[in-house]
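Read through the structure below, which is laid out as structure tokens, and then see the notes.
Here, each number is a calculation from the coordinates, and none is a lab measurement. Here the structure is a predicted model, which means the values were calculated and not measured. Every residue, glycine as well, gets a Cβ built from its backbone with ideal geometry; the counts of neighbours run over all protein chains shown.
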Amino acid sequence: MAERNLEVTKMNEVEKKVKIGLWRQRIGYGSSDFACNLIWQMISLYLLYFYTNVMHLNAGAVSVMFLVTKVIDGISDLIVGFLIDKTNTRWGKSRPWILFGAVPFGVAAVVAFSVPNIGQTGMLIYAYVSYILLSTAYTVVNIPMASILPALSEDPHERTVLASCRTFFSSVGSTVVSAFALTLVDKFGNGNEALGFRIVMMIFGVIGCLVFFFCFFNTKERVVIKQEKVSLKANISCLLHNKPWKLFALNIVWFFGGYVIQASAVIYYFTYVVQNAMLVQIVATITTLVPIIANLCAPFLVKLTTKRNLMVGGSFVHMGGLLIIFFGGTNVPVLLAGAVIAAAGYGLKASMHFAMQPDPVDYGEWKSGVNTAGTLSAVNGFVGKVGMAIASSIGAALLQFGGFDANQAIQTVTAQHYITAMYIWVPILTNIATIVTMMFYDLDKIYPQIIKELDERRANA
């Protein structure tokens, strides 16, 4: 009897250690997107505003800059992804990139918000160079954050939990920026917005670097996939024959494109259309805080239905919230209710986006025998940046076409219509595109069988 109790005690201790290890990795992995979004949310929300309203760069020139630099930067995604697949260290394939990319990313973020007053042409050139450097540094830490997920666990449910943790911490990072950034800019700038933005980015950059280090030391690439060395050409060929990935990649454009243009339009819409600047931080905070609840619910919801269905459902909810905001006019309670609903829909989409990301990797390995996690993550990053580039360019172009004037407190009716298109109609169109795309995505039906067969192959390897 005593021996049996001792065995039970030991088993409980082992189980406890396993649970602690799981949560340590979940928090470690999730924290990577807290660090990333602490910096990138500043870019998404305020860089366009910084260029047009603080540095007074021409919106049309900024539109072209976003498009050109993002397309150029997309090439770095492909290179980094290919190099990740070729990386073999005692730390794994992806973790070293997070470790050594942290400091350059933080420094590049500060540089982007430190535009010197050297004339319009000089400032525009500086913006080009600094934005390319920032985007490349973002690639170095962001691509491995995606490619590492299949290596953290073989269990599909655990991957969903890990993805939800990542989205949860991403929302926390975004919420910190949304809730406090402008207040801190005012406090540290003391009337000088350029100085305020620079100091705030310094603070966020340091915190981001430290959190990336925390991520590195609290994750481990446990799933070792044995495979032959494959050329970049062969990797690309595998991707092109991967139908679920092609649909997922198309959805990346809609997901990130819609997010970027809506995020950059928040400050314009509530300042110049609703004409209530006090709502900017409140709505921005709702937009990032509410998705946290959706992220927490995702692992439970995915047991009830498929990831595809949740992505479609989230898109409908997101659209409904945006329409409530549009018809709410200047009615604050209605606007806030619409913001909450839209944010809930977006949060569900975001959770499913990251949860679905490793699935096409497994499908590709199952079909071709080649695991292309790094290359796939890189191409996903490239596609995402193309979507963000187009969205950023469209946003700046809409300001230009609408006749937006940063020096005017009250914008023309035409300018307000174009700002509304940025915040309401373009995101609605991307949601519709997501719904249509997901109608053709059927990987969820055969995914359990794919995982079962892959486990058998790896066990026999």
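Selection among I148, F188, F169 by position relative to the dipole of the stretch 145-210 gives F188 as farthest towards the positive end (Cβ unit charges, Cα centre). Could you tell me which chymotrypsin sites (Phe, Trp or Tyr not before Pro) in the stretch 373-461 are loop residues by DSSP with no more than 14 other beta carbons within 10 angstrom of their beta carbon? Filter output for the stretch 373-461: F440.
Using the Cα centre of the chain as the reference point, and only Cβ charges (+1 on K/R, -1 on D/E), how large is the resulting charge dipole? Debye, rounded to the nearest 20. Mind dumping the intermediate values first?
Numbers: 33 positive and 24 negative charges, 159 e Å.
Computed about the Cα centre, the dipole is about 760 debye.
Among the listed pairs K93/K367; K70/K349; K70/K452, those with a Cα-Cα distance over 30 Å are K70/K452.
Each label point was placed 7 Å from the Cα along the Cα-to-Cβ direction; for L429 and A459 their separation is 5.1 nm. Annotation: extensible slack from I79 through F401 equals 112.3 nm (criterion: 0.36 nm per residue apart, minus Cα-Cα distance). Convex hull of alpha carbon positions in the stretch 50-182: directionally averaged projected area 9.6 nm².
In a DSSP loop and with at most 14 other Cβ atoms within 10 Å, the trypsin sites (Lys or Arg not before Pro) in the stretch 90-166 are R90.
Can you tell me the length gained on complete extension of the stretch F180 to N58, counting 0.36 nm per residue apart and subtracting the Cα distance? Walk me through the numbers on the way to the answer.
Working: separation 122, 0.36 × 122 = 43.92 nm, distance 2.75 nm.
Gain on extension, F180 to N58, equals 41.2 nm.
Between the residues C209, M319, N37, the greatest Cα displacement towards the positive end of the dipole of the chain, with unit charges on the Cβ of Lys, Arg, Asp and Glu, is found for C209. Give me the angle, in degrees from 0 to 90, between the Cα long axis of helix 307-328 and the longest principal axis of the Cα atoms of the chain, rounded to the nearest 10. Between helix and principal axis, roughly 20 degrees.
The alpha carbons of the chain occupy a box of 78, 48, 44 Å along the principal axes, longest dimension given first.
Give me the base-10 log of I(q)/I(0) for the stretch 233-315 at each q in 0.19 Å⁻¹, Debye formula, one uniform scatterer per Cα, rounded to two decimals. Rounded to two decimals, the profile gives -0.98. Peptide packing for 279-291, 57-69, 233-245 was compared via the average number of neighbouring C-beta atoms within 10 Å per residue; ordered from the highest value, the list is 279-291, 57-69, 233-245.
So what's the stretch 342-461 giving for Rg/Rh, alpha carbon basis, Kirkwood Rh from the mean inverse pair distance? Working shown, then result.
Working: Rg = 20.6 Å, Rh = 17.8 Å.
That ratio is 1.16, to two decimals.
Roughly speaking, what is the stretch gain from K445 to N117, that is 0.36 nm per residue apart minus the C-alpha to C-alpha distance, in nm to one decimal? List each step's numbers first, then the result.
Values: separation 328, 0.36 × 328 = 118.08 nm, distance 5.68 nm.
Once the chain is fully extended between K445 and N117, it gains 112.4 nm.
Normalised by the number of residues in the stretch 330-461, the mean separation of alpha-carbon contacts (under 8 Å, six or more apart) gives a relative contact order of 23 percent. Annotation note: chymotrypsin sites (Phe, Trp or Tyr not before Pro) in the stretch 247-301 located in DSSP loop regions with a Cβ neighbour count of at most 11 within 10 Å are absent.
If you average 1/r over all unlike Cα pairs in the stretch 137-296 and invert the result, what Kirkwood radius do you get in angstrom?
Working: mean 1/r = 0.0529 Å⁻¹.
Value: 18.9 Å, from the Cα pair sum.
With coordinates expressed along the principal axes, the C-alpha atoms belonging to the stretch 282-393 extend over 57, 39, 19 Å, beginning with the largest. The phi torsions of the stretch 243-259, fed into the Karplus equation with coefficients 6.51, -1.76 and 1.60 and a -60° offset, translate into couplings of 4, x, 5, 4, 5, 5, 4, 5, 5, 4, 4, 5, 5, 6, x, x, 5 Hz, rounded to whole numbers, with Gly and Pro shown as x.
Report the relative contact order of the stretch 224-339, percent, no decimals, based on alpha-carbon pairs under 8 angstrom and at least 6 residues apart. List each step's numbers first, then the result.
Values: 45 pairs, mean separation 18.1, N = 116.
Relative contact order for the stretch 224-339 comes out at 16 percent.
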